[in-house]
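**Student:** If you scroll down you'll find the structure; I have some questions about it.
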Amino acid sequence: MTSLRLGIASDGALHEPTLRFFKDCGIEASTSNPRSYTGHIRALPGVVVHFLRGGDITNKVEEGSIDFGVVGLDRYEESRREGGDAHVIIESLGFGHCELVLAVPDSWVDVTSVADLADLSLEFRREGRDLRVATKAPRLVERFLFRHGVGHFALVQSSGTLEAAPAMGYADMIADISSSGLTLRENRLKTLHGGTIIKSEAVLIANRGLVVGDKAKLEKARALVELIEGYLQSKDYFSVTANLRGETPEEVASYILSRAVIAGLRGPTIAKVHTRTGEGWYAATVVVSKEKLMDAVDNLRQIGGSGVTVGQPNYVFHGESKAYNRLVNGTGDAQPPDA
């Protein structure tokens, strides 16, 4: 049987959040023992999970060693080949939020924005050296600095802790991942206005050619991406049920459909409520967007609704899957913002 191979970070910031996310999606990834580097998803037979270094996942998808991968957008954009085979299929998984930012020593009181770096790099050049920027993302940093008119700089690649680079003297400033900015401040560094290189979160990537060219893989891939997409879409909706008096289901439905805010995605579902007195009561259920929840509750009350209950669906599947269409038809990749 052809397996669909899914890459997940074996450690680092995305490891535990990815496992929790898949569990919440109803497709929990498990291994036979804690030291195993492969696993499976019981709910999706034929999907094999490979636990890899986060920095390797994009390249593994590119070369075809795995079919899908969960990776930070920053690492994807740093590692992917232009015109290569790794494509973003779902561009916002809702976790792993961080930013790749430029930071300089607090003592640089006259340097507050990216615009100041162009002049500063010229000053360094006149002194006979380049502005040194320590980073683990040289490709993204170089592209960003050139785009903002900084023409003279040297990138210092480091696999260690970047925050200490200016204090240790092997770099003048850094470009590093930050979630809260606390670590930067503790090391007497400040971020620059306009210095966000990319806003990142976890994304689902795939080698489209490998998956689309194999019917067995494609069917497993459809289930994977639709379950993830359906779970993510469910976060935007609530199911609201209220008891309403009426002579017929059609009469109750007409009350609801007369108010757009409680018409729901396609209209209400009406069910008979069997009371001891035999009075005409019906339970009406509508699915509304998150931002319209209280409007829906108020409108149901206004037309006589009582016993209003609210729940959140586990999944919401629309008429077609945008993620699956992106996988099959290649409708485009996520791009880093032009900060």
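The values are calculated or read from the model by the stated rules, or taken from the named source; none is laboratory data. Every value quoted in this text rests on a predicted model; they were computed, and no experiment measured them. FYI the Cβ positions are ideal-geometry reconstructions off the backbone, even for glycines, and counts take in every protein chain you see. When the accessible area is computed, the model is the full protein with side chains, heavy atoms only, and any ligands, DNA or RNA have been set aside. Shrake-Rupley method; radii C 1.70, N 1.55, O 1.52, S 1.80 Å.
**Student:** Under the condition of being farther than 14 Å from residue 95 by Cα and modelled with pLDDT of 95 or more, which residue from the range 9-27 is surrounded by the fewest Cβ atoms within 10 Å (Cβ to Cβ)?
**Tutor:** Of everything passing the filter in the range 9-27, 26 is surrounded by the fewest Cβ atoms within 10 Å (Cβ to Cβ).
**Student:** Give the residues of the range 180-212 that are closer than 23 Å to residue 70 by Cα and either in contact with a Phe, Trp or Tyr (Cβ under 7 Å, 6 or more places away or on another chain) or open to solvent by 70 Å² or more (accessible area, probe 1.4 Å) (or both), sorted by residue number.
**Tutor:** 180, 197, 199, 201, 202, 203, 204, 205, 206
**Student:** Is one or more of the residues making up the range 277-291 touching a helix residue (DSSP H, G or I) at 6+ places or on another chain (Cβ under 8 Å), in a helix (DSSP H, G or I) and either free of Cβ contacts under 8 Å to residues at least 12 places away in the same chain or of a type in the set (Lys, Arg) (or both)?
**Tutor:** The answer is no; no qualifying residue exists.
**Student:** While we're on this one: Every residue in the range 215-251 that is in a loop (DSSP other than H, G, I, E, B) and either crowded, with 17+ Cβ neighbours inside 10 Å or out of contact with any helix residue (DSSP H, G or I) (no Cβ under 9 Å at 6 or more places or on another chain) (or both), please.
**Tutor:** Within the range 215-251, 246, 247, 248 qualify.
**Student:** Against the condition open to solvent by less than 50 Å² (accessible area, probe 1.4 Å), more than 19 Å from residue 75 (Cβ to Cβ) and in contact with a helix residue (DSSP H, G or I) (Cβ under 7 Å, 6 or more places away or on another chain), how does residue 116 come out, does it pass?
**Tutor:** The answer is no for residue 116.
**Student:** If you don't mind, there's one more thing I want to ask. Filter the range 313-324 down to the residues that are exposed (fewer than 13 other Cβ atoms within 10 Å of the Cβ) and either modelled with pLDDT of 95 or more or not charged (D, E, K, R) (or both) and list them by number.
**Tutor:** Matches in the range 313-324: 314, 318, 319.
**Student:** Something else now. Looking at 201, 229 in this structure, which one is under 20 Å from residue 24 (Cα atoms), in contact with a His (Cβ under 6 Å, 6 or more places away or on another chain), at pLDDT 95 or above and of a type in the set (D, E, K, R)?
**Tutor:** Result: 201 is the single residue among 201, 229 that is under 20 Å from residue 24 (Cα atoms), in contact with a His (Cβ under 6 Å, 6 or more places away or on another chain), at pLDDT 95 or above and of a type in the set (D, E, K, R).
**Student:** Please enumerate the residues belonging to the range 2-32 that are more than 26 Å from residue 200 (Cα to Cα) and assigned to a loop (DSSP other than H, G, I, E, B).
**Tutor:** Those that are more than 26 Å from residue 200 (Cα to Cα) and assigned to a loop (DSSP other than H, G, I, E, B): 2, 3, 31, 32.
**Student:** Could you tell me whether residue 272 is of a type in the set (Lys, Arg), part of a strand (DSSP E or B) and either open to solvent by 30 Å² or more (accessible area, probe 1.4 Å) or touching a Cys at 6+ places or on another chain (Cβ under 8 Å) (or both)?
**Tutor:** Against the criterion (of a type in the set (Lys, Arg), part of a strand (DSSP E or B) and either open to solvent by 30 Å² or more (accessible area, probe 1.4 Å) or touching a Cys at 6+ places or on another chain (Cβ under 8 Å) (or both)), residue 272 qualifies.
**Student:** What are the pairs, 6+ residues apart or on separate chains, where a residue within the range 112-133 that is more than 12 Å from residue 194 (Cβ to Cβ) has its Cβ under 6 Å from a residue that is small (Gly, Ala, Ser) and part of a helix (DSSP H, G or I)?
**Tutor:** Note: pairs meeting the criteria are 131/121.
**Student:** Within the range 33-56, track down each residue that is among the small types (Gly, Ala, Ser), surrounded by fewer than 17 Cβ atoms within 10 Å (Cβ to Cβ) and not in a loop (DSSP other than H, G, I, E, B).
**Tutor:** The one that is among the small types (Gly, Ala, Ser), surrounded by fewer than 17 Cβ atoms within 10 Å (Cβ to Cβ) and not in a loop (DSSP other than H, G, I, E, B): 55.
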